[in-house]
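Contents: one structure, followed by commentary.
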Amino acid sequence: MAVLGNPDMLTRKIKLCHINAHITCRLCDGYLIDATTVTECLHTFCRSCLVKYLEENNTCPTCRIVIHQSHPLQYIGHDRTMQDIVYKLVPGLQEAEIKKQRDFYHKLGMEVPGDIKGDHCHMKTHLDQRNGDTKTEDAVHKEPGEEKPEEENDYHRSDEQVSICLECNSSKLRGLKRKWIRCSAQATVLHLKKFIAKKLNLTSFNELDILCNEEILGKDHTLKFVVVTRWRFKKSPLLLHYRPKMDLL
């Protein structure tokens, strides 16, 4: 018990170099950016590094386990927890990455996506709080009790948006009355399954497959990931098809 109360133990600091092996990408040897984990073995890499690697391979770069014989990209997923850990441990990394992305879009003369703008605003607020300035101009004029959770105020409207056309390619299901939707790029294929199941009054979203270019999409894929890997050089909207699962046909 005396050891637990030792102030030296409570204030012990760990050098970043001692944990670098756990927060770096084996493919590029840099700190994890857009951390993505292989669901089969739980090894994590930068998303861009892993996607590029899986274009020519179907095994994990670390343990060489087969992810999937033909569709390994369906068995990887964004690891938000790991990315948050990396950004908290490495000073200035998140700020540098956001600046790099903004500079990239400015250089191409393109509008900066909403998700990057949102991250920039969140980063600025975080820096203000570290400097002791915790109140924003809006907060000063708010009455007590007027505070609302960020989710209630935003509903992901500041995220990068994706336009989608949802088509039914099976006679066993009816088409949607409104097949064109626009939603956050951070939404997943699972969200679309739940949306379609609710609109069609299905008993479970697990009865559905969603396809892009006739390839079944993994439920954990974000729409941004689908656009980058399946629709990169094609015009909007992103065309997706839905059908009953093959084992239900």
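The values are calculated or read from the model by the stated rules, or taken from the named source; none is laboratory data. Keep in mind that what you see is a predicted model, and the values were worked out from it rather than measured. Here Cβ is always computed from backbone atoms with ideal geometry, including for glycine, and neighbour counts include all displayed protein chains. Surface accessibility is based on the protein's heavy atoms, side chains included, excluding ligands, DNA and RNA. Shrake-Rupley method; radii C 1.70, N 1.55, O 1.52, S 1.80 Å.
Relative contact order of the stretch 161-244: what whole-number percent is it, with Cα pairs under 8 angstrom and at least 6 residues apart?
Numbers: 134 pairs, mean separation 36.3, N = 84.
Relative contact order, the stretch 161-244: 43 percent.
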- request: Please work out how much accessible surface F104 shows to a 1.4 Å probe, ignoring ligands, DNA and RNA, in Å² rounded to 10.
  value: 110 Å²
- line: Lys and Arg at +1, Asp and Glu at -1: neighbours of Q74 with Cβ under 10 Å from its Cβ sum to -1
field: Cut-off under 5 Å, modelled amide H: who pairs with E167 long-range
entry: L240, H241, Y242
query: Can you put W231, W180 in order of accessible area, largest first, using a 1.4 Å probe?
result: W180, W231
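Can you give the % of DSSP beta bridges in the stretch 161-244 that are antiparallel, to the nearest 5?
On the way: 12 of 17 bridges.
Counting DSSP beta bridges with both partners in the stretch 161-244, the antiparallel share is about 70 percent.
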message: Solvent-accessible area of I33, probe 1.4 Å, all protein chains present, reported in Å² to the nearest ten, please.
response: 40 Å²
- prompt: Under the Karplus relation 6.51 cos²θ - 1.76 cosθ + 1.60, θ = phi - 60°, what is the ordered set of whole-Hz ³J(HN,Hα) values for the stretch 221-230, x standing for Gly and Pro?
  reply: 5, 7, 5, 4, 5, 5, 4, 5, 9, 10
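For the stretch 13-64, which GluC sites (Glu not before Pro) pass both filters: DSSP loop (anything but H, G, I, E, B) and at most 12 other C-beta atoms within 10 Å? Display every interim value, and only then the final one.
Numbers: sites: E40, E55, E56; in loops: E40, E55, E56.
Counting only loop positions with at most 12 other Cβ atoms within 10 Å, the GluC sites (Glu not before Pro) in the stretch 13-64 are E55, E56.
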query: Over the heavy atoms of C28, what accessible area does a 1.4 Å probe trace out, to the nearest 10 Å²?
result: 60 Å²
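Ranked from the most accessible area to the least, with a 1.4 Å probe and all protein chains present, what is the order of C183, C46? Intermediate results must be reported in sequence, preceding the final value.
Working: C183 30, C46 5 Å².
Listed by decreasing accessible area, they come as C183, C46.
A 27 angstrom limit on the alpha carbon distance is what I want to check against. Which of K99/K219; K177/K245; K100/K179; K177/K234; K88/K235; K107/K179 exceed it? List each step's numbers first, then the result.
Values: K99/K219 31 Å; K177/K245 21 Å; K100/K179 36 Å; K177/K234 25 Å; K88/K235 37 Å; K107/K179 35 Å.
Result: K99/K219; K100/K179; K88/K235; K107/K179 exceed 27 Å.
Find the relative contact order for the stretch 17-89 and round it to a whole percent, using C-alpha pairs within less than 8 Å whose residues are 6+ positions apart.
Rounded, it is 32 percent for the stretch 17-89.
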